[in-house]
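The structure appears right after this line, and notes come after that.
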Amino acid sequence: MFPRKGASEEEVLAELEEKTAEDLTFDSGRILGSMCTYPHPFARKVISLYIDRNLGDPGLHVGSQKIEEEAIQMLSNLLGLEKGYGNIVSGGTEANILAVRAFRNLADVEKPELILPRSAHFSFLKASEMLSVKLVWAELKEDYSVDVNDVERKITDNTIGIVGIAGTTGLGVVDDIPALSDLAIDYGLPLHVDAAFGGFVIPFAKELGYDLPDFDFRLKGVQSITIDPHKMGMVPIPAGGIIFRKKKFLEAISVPAPYLAGGKVWQATITGTRPGANALAVWAMIKHLGFEGYKEVVKGAMELSRWFAGELKKIPGVYLIREPMLNIVSFGTTNLEEVEEKLKRRGWGISAHRGYIRIVMMPHVRREHLEEFLRDLQEIITR
Ligand SMILES: Cc1ncc(COP(=O)(O)O)c(C=O)c1O
């Protein structure tokens, strides 16, 4: 019920504390199955300083708009592009929807179809429904990467684009993006890479010596990339990123927003009013940590995932779905549902909806948390 009379701040805060007691928190170390994390303290500071900025009305917040633009350029550079076009958006879902929207708007076909791997994130289901684009699923190979031959078989005159994934949601698999890029070039189609998760992992992991496929704008067929700062970028939610190689993609999804203070303003995002503070936090975190800082974070996460995968293999009845490529380790067990239920009852934040349990080595996950988890898992399984 909407209260007629207000309560004191203390009363309201006390009620909030009581009601959120049920929440798991990232700093407790119990959340092992999320792609989000406890935001970096510096990013939190920036958010609190600039909480009022609205990038939906950039005429009012001219400086913030320039900072968003600089953030997009720094992300473009990370992804091998000198100058890119895009926005800091609400997350990977919005970024993927924008890419599909751009491909559809630029294609001259009546019944648009998008080819994407079976492992693609459900955000494409939303894009399909909203934009009336038919999804054509390409099968996966034994290693859970997309079968590029199957992608080629599914290309028709109605195809508006291809999607490849650099860090799948379930297993952290990086598709053979170089082969997809070649295919896209051969057929004159745009390739979108969903690196919502992998975008803030792969560039650093590669420099650390991990053998991972190229996935970014260095490949000429790649026309757009989703990269989410609110995942491994450690920026508070919401902070996703969409970057296009060419201006024409952004123009294809821009609508005039005439009543705003900036006069001739164009908006390409789904959201109108949108948080400037989060875009500023993206910029600030990149400046603050730099390539070397993020590399350190990724180093820890990758090493932890290799160690964890090794420990899992020692438990009878537990098997890895595949060797980890990134900092995601997914495993199955006998009586999976029962094991999942028991782990949850012990307060672990995990999920097993695809027939396996996914553990994501986010920056808040430490070895001692995983050791405790392994003890619980072993106990449950051997009982
Ligand atoms: C590969 C991939 N793409 C897109 C998304 C959607 O991101 P968001 O939840 O930020 O909208 C996710 C989320 O887990 C993802 O793993």
Pick from Gly167, Gly310, Gly33 the residue whose mean-square fluctuation is largest in a GNM of the chain, springs joining Cα atoms under 10 Å. Gly310
Could you pull out every one of the lysines with an alpha carbon less than 21 Å from that of Lys248, ignoring same-chain neighbours closer than 8 positions? Lys66, Lys83, Lys220, Lys264
Whose amide H sits under 5 Å from the amide H of Glu139, counting only residues 5 or more places off or on another chain, with H placed in the peptide plane? Asp147
Pop out the ³J(HN,Hα) list for the stretch 122-137 in order, Karplus 6.51 cos²θ - 1.76 cosθ + 1.60 with θ = phi - 60°, rounded to Hz; leave Gly and Pro as x. 5, 4, 5, 5, 5, 4, 4, 5, 5, 10, 6, 10, 6, 8, 10, 8
Under 20 Å Cα-Cα from Lys295, which aspartates and glutamates qualify once same-chain neighbours fewer than 8 residues away are excluded? Glu207, Asp211, Asp214, Asp216, Asp228, Glu303
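Report the far tail of the P(r) of the stretch 186-299, meaning the percent of Cα-Cα pairs longer than 18 Å.
Working: 3861 of 6441 pairs.
When every Cα pair of the stretch 186-299 is considered, 60 percent fall beyond 18 Å.
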Could you give each residue of the stretch 155-167 its phi-based ³J(HN,Hα) in whole Hz, using Karplus coefficients 6.51, -1.76, 1.60 with θ = phi - 60°, and x for Gly or Pro? 6, 10, 5, 8, 5, 9, x, 10, 10, x, 10, 10, x
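For the stretch 231-383, what mean projected area does the convex hull of the alpha carbons give, in nm²? Intermediate results must be reported in sequence, preceding the final value.
Numbers: hull surface 50.2 nm².
So the mean shadow area of the Cα hull is 12.5 nm².
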Considering only protein heavy atoms and a probe of 1.4 Å, how much of the accessible area of the chain is carbon and sulfur, as a whole percent? 52 percent
Heavy-atom surface of the chain, accessible at 1.4 Å and reported per residue (Å²): 47 Å²
Counting only Cα, what are the radius of gyration and maximum Cα-Cα distance Dmax of the chain, in Å? 21.6, 68
Hey, what number do you get for the chain at 222 nm if only DSSP H runs of n ≥ 4 count, each worth -39500 (n - 2.57), divided across all residues, to the nearest 500? -13000 deg cm²/dmol
Computed over the Cα atoms, what is the radius of gyration of the stretch 8-90 divided by 2.2 N^0.38 Å, N being its residue count? 1.52
Could you tell me which of Tyr319, Leu374, Ile350 has its Cα farthest along the dipole of the chain towards the positive end, charges placed at Cβ (Lys, Arg +1; Asp, Glu -1), taken about the Cα centre? Ile350
Which of Lys141/Lys206; Lys313/Lys344; Lys287/Lys314; Lys111/Lys247 exceed 32 Å between C-alpha atoms? The answer is Lys287/Lys314
Glu337, Glu292, ranked by accessible area, largest first (probe 1.4 Å): Glu337, Glu292
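From Cα pairs below 8 angstrom and at least 6 apart in sequence, can you work out the relative contact order of the chain, rounded to a whole percent? Could the numbers behind the result be given before it?
On the way: 745 pairs, mean separation 89.8, N = 383.
Relative contact order, the chain: 23 percent.
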Spin-label pair Lys83/Asp376, simplified geometry with 7 Å Cα→Cβ offset, distance in nm: 5.2 nm
3J(HN,Hα) from dihedral phi, the stretch 278-293, Karplus parametrisation 6.51/-1.76/1.60, rounded to Hz, x for glycine, proline: 6, 5, 5, 5, 4, 4, 5, 5, 5, 5, 6, 8, x, 4, 5, x
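Once R0 is set to 30 Å, what does the formula 1/(1 + (r/R0)^6) return for the Cβ-Cβ distance between Glu15 and Phe122, expressed as a FRET efficiency to the nearest 0.05?
Values: r = 34 Å, r/R0 = 1.12.
My answer for the efficiency is 0.35.
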Counting only DSSP beta bridges with both residues in the chain, tell me the antiparallel percent, nearest 5. 55 percent
Charge dipole (the chain, unit charges on Cβ, about Cα centre) - positive-most of Leu189, Asn87, Val222: Asn87
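The values are calculated or read from the model by the stated rules, or taken from the named source; none is laboratory data. Predicted model only: the values in this text are computed from it and were never measured. FYI the Cβ positions are ideal-geometry reconstructions off the backbone, even for glycines, and counts take in every protein chain you see. Surface accessibility is based on the protein's heavy atoms, side chains included, excluding ligands, DNA and RNA. Shrake-Rupley method; radii C 1.70, N 1.55, O 1.52, S 1.80 Å.
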